[in-house]
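Read the figures in this text as sums done on the coordinates, not as results from a lab. What you see is a predicted model; the values in this text were computed from it and never measured. Cβ sites come from the backbone with ideal geometry, for glycine too, and all protein chains shown count toward neighbours.
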Amino acid sequence: MSGPESLAIAAPSPQPAGGLPLGASLLGMARVASASGQPRAALLLRVAGEALIAEERILPPIATGLHRLAYVSRATAASGAESAKHLAAILEVARRHNAEAGLTGALLHSRRWFAQVLEGERGALEALYARIMRDERHRDVTLLALHPAARRVFSRWSMVHAGQVPEQMIRRGLSGLGETAAATAALRELMATLRARLRLA
């Protein structure tokens with residue numbers, strides 16, 4: 001991902017409707033930081049998240065047109081069998097809904113994490129991300145990027161399962177949060193892995 005497709009996320013500001021619930025995403029990041037042994041970062045993220053929720057702040061829908069959204073989340077399945085069942089259900093619903101909403105994308109997973117990239121009109125992405133955050137099959141949903149895209153990378157798939165990857169790859173995306181260079185590198189690694197997997201499909 002290079003050129004004009006900026007990884008910057010717009011600064012939050014009050015909006016009457018639309019946009020992404022930034023506060024809830026920060027709370028997810030706080031739980032990840034706490035589980036990773038970073039209590040100071042967890043506290044700061046939790047306080048910021050709760051404040052944004054109280055003020056009903058969001059990521060404003062300042063741009064329309066084709067966008068790309070990437071997130072990671074922690075699976076709640078207690079066993080391998082339950083995890084496989086959840087994955088199958090997620091893919092079935094995603095493929096049907098995304099086709100109806102004009103969205104495309106790909107999903108990777110590790111034993112305990114999901115990583116997903118979605119493409120489409122920003123409004124449709126925002127609506128889907130709000131539903132994703134309420135899905136009880138995963139938690140600690142953390143937004144990695146939301147930015148305009150010049151073209152679709154996954155135009156052939158409403159939602160393709162790109163397979164399993166080492167957990168460290170997904171966790172690198174989380175460790176880079178708040179650091180532009182590290183986050184950019186993690187997102188590029190995710191996209192490169194997806195592209196490589198899909199070329200072989």
Taking the range 108-152 and keeping only residues that are more than 10 Å from the chain's Cα centre (by Cα) and in a strand (DSSP E or B), one is left with LEU108, HIS109, TRP113, GLU119, GLY120, GLU121, HIS138, ARG139, ASP140, HIS147, PRO148
Condition check for ARG96: among the charged types (D, E, K, R), out of contact with any helix residue (DSSP H, G or I) (no Cβ under 8 Å at 6 or more places or on another chain) and surrounded by fewer than 22 Cβ atoms within 10 Å (Cβ to Cβ) = yes
Output for Cβ contacts, cut-off 6 Å, separation at least six or different chains, first residue within 14 Å of ALA124 (Cβ to Cβ) and touching a residue at least 24 places away in the same chain (Cβ under 8 Å) in the range 148-163, second part of a loop (DSSP other than H, G, I, E, B) and not small (Gly, Ala, Ser), reads ALA149/GLU5
